[in-house]
Amino acid sequence: MDITNDQGLGELLRSDSEEQLCTGFGFTEGPVWIASDDCLLFSDIPGSRTHRWRPGTDTAEVYREPSGHANGMTLDASGALIACEHSGRRVSRGAYDAAMESVVERYDGSLFNSPNDVVVHSSGAIYFTDPTYGLQPARPGWEPFGVPGAVQELAFQGVYRVAPGGDTAELVNDEFTQPNGLAFSRDQSVLYIGDSGDKIIRQFNVAADGTLSGGDLFVDMRDDDRPGVPDGMKIDEEGRLWTTGAGGVWVIEADGTVLGQFETAEHAANLTFGGSDFSSLFLTAQTSVYRVETAVRGVVPGSR
């Protein structure tokens, strides 16, 4: 594990190197820790499978197949799993170890592009991003996630909100090139949204009615030519943003101070906190899943 531009990041890490937990996948993404069952769920997008890894093992079992080429996943306050499906072109939800059902599939009569990442507000509102990655031939075997003739029906790549208990998507932003990862600040007054196309992360104010305003630049990776773009992100209990990006995982204070980056053997696209005390950082990195122990605690998905 290689730390660069260390301005305090090293003090937040307890591991000197990443630990590979399991491997042999097409492209791993969307990790979420299931505290009630002491396990990690993650997506293998090209395989259209969701896998489950348990501590003490070096393999992962199939949790859901087909998964609709699911990418990002999270939990709501009830512990239900919420997933963004590329080929399903929908956001789905289901109780843990139960079948998934559609939450929303269209905006204004048109199919979504390929829902990518998702977070849940303490009110129960669901926010998700909808870039076009699931419609693009990214690599052999992905074209375009086995959906013959799939085309973009919307003229933009949006960020959406579904009201608590609702089944209709409200467009909250259509100004991104490729909106990707997103995370709420510790007090949920700010929503961070990454743009993998423009290599930036913006911060938006969250109003009482769930609408977004502002959109100031928070992190700028445009001049960083190292491999990687803003993608998956999470918040720790001190309000720091942990995000994958150029050159590895970035850690940024709430005031925008960058504490540094660290890179692993395989470049990570997404991450999540988990483990018995939520201080283990799980990284989905190309063909494998890794773990890095930290000196911080992550915010538990679905917590209020």
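In segment 163-186, which residues have a backbone nitrogen under 13 Å from the label point lying 7 Å from SER110's Cα in the Cα-to-Cβ direction? Backbone N within reach: 171, 174-175. Stokes-Einstein diffusion for the chain, with the hydrodynamic radius set to the Kirkwood value over Cα pairs and evaluated at 10 °C in a medium of 1.306 mPa s, equals 84 µm²/s. Residue by residue, segment 24-30 carries 3J(HN,Hα) couplings of x, 9, x, 6, 8, 7, x Hz when phi is fed to the Karplus relation 6.51 cos²θ - 1.76 cosθ + 1.60 (θ = phi - 60°); x denotes Gly or Pro.
The distance between label points at ASP37 and ALA208 comes to 4.0 nm (points 7 Å beyond Cα on the Cα→Cβ vector). Over the Cα atoms of segment 193-244, the radius of gyration divided by the Kirkwood radius equals 1.01; this is the Rg/Rh ratio.
In plain terms, the chain from THR23 to VAL258 could stretch by 81.5 nm, reckoned as 0.36 nm per residue minus the Cα-Cα distance.
Once the Cα-Cα distance is subtracted from the 0.36 nm per residue extended length, the ASP216 to ALA95 segment shows a gain of 39.9 nm. Using only the alpha carbon atoms of segment 153-262, find the Kirkwood hydrodynamic radius as the inverse mean reciprocal pair distance, in angstroms to one decimal. Every distinct Cα pair counted, the radius reaches 14.4 Å. Within the set of other residues whose C-beta is less than 15 Å from the C-beta of CYS22, count the net charge using Lys and Arg as +1 and Asp and Glu as -1. Charge balance in the 15 Å sphere: -3. Summarising the label geometry, the points placed 7 Å from Cα in the beta-carbon direction at VAL62 and GLN188 lie 3.7 nm from one another. With both labels modelled 7 Å from their Cα along Cα-to-Cβ, the GLU11 to ARG297 distance reads 2.0 nm. Ranked by the mean number of other Cβ atoms within 10 Å of their residues, highest first, the peptides 128-136, 100-108 come out as 128-136, 100-108.
Rounded to the nearest Hz, the phi-derived 3J(HN,Hα) couplings of segment 87-92 under the Karplus curve 6.51 cos²θ - 1.76 cosθ + 1.60 (θ = phi - 60°) are 6, x, 6, 8, 9, 10, where x marks glycine and proline. Highest-first packing order for the peptide set 264-275, 157-168 is 264-275, 157-168, based on the mean count of other beta carbon atoms within 10 Å.
Please list, in order, the residues from segment 93-125 whose amide nitrogen is less than 11 Å from a point placed 7 Å along the Cα→Cβ vector of THR168. Residues passing the 11 Å test: 108.
Segment 72-110 and segment 212-251 have Cα centres separated by 25 Å. Peptides 222-230, 64-72 ranked from most to least packed give 64-72, 222-230, packing being the mean of other C-beta atoms within 10 angstrom over each peptide's residues.
Every number here is computed from the coordinates shown, using simple stated rules; none is lab data. Remember, it's a predicted structure, so these values are computed and weren't measured experimentally. Glycine gets a Cβ as well: all are built from the backbone with ideal geometry, and neighbour counts include every protein chain shown.
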